[in-house]
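For reference, the structure discussed in these notes is given below.
Bear in mind these aren't lab numbers, they're just calculated from the coordinates by the rules spelled out. Only a predicted model underlies this, so the values are computations on that prediction, with no experimental measurement involved. Backbone-built Cβ (ideal geometry, glycine too); neighbour counts: all protein chains shown.
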Amino acid sequence: MPIYEYKCTKCNKQFEVNQKMADPLLTECRVCGGKLKKLITSSSFVLKGGGWYVTDYPSADRKKAMDKKKEKKAEGKDETPTKKDAAKKEAVKKE
Ligand SMILES: [Zn+2]
């Protein structure tokens with residue numbers, strides 16, 4: 001559901017509203033009844049979307065998680081040639 005941001009032109013209060021695409025846009029301030037202006041929410045959308053944006057600035061926890069992934073990958077690399085060698089030896093025996 002897209003988030004729409006409105007700003008009241010009268011009292012300058014900002015609203016964030018979860019709306020369906022089909023819902024009509026808000027035009028009236030809930031607080032003072034003033035006229036609402038719809039804001040472009042691209043900047044806040046990036047922050048709220050999260051995930052991919054955070055990778056540019058990894059936190060300590062995220063770094064730890066990344067290190068764990070690297071360790072797992074390294075283990076996998078060690079395992080692969082061993083298995084291949086075993087398979088080769090078996091093939092040799094069969095011949
Ligand atoms: Zn207002």
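Miscellaneous remarks
- Number of positions in the stretch 4-24 that are away from the ligand (no atom under 15 Å from the Cβ) and in contact with a strand residue (DSSP E or B) (Cβ under 9 Å, 6 or more places away or on another chain): 4
- The C-beta contact set for the stretch 3-21 (first residue closer than 13 Å to residue 37 by Cα, second residue assigned to a strand (DSSP E or B) and within 7 Å of the ligand (Cβ to nearest atom), distance under 9 angstrom, 6+ apart or interchain) comprises 14/8; 15/8.
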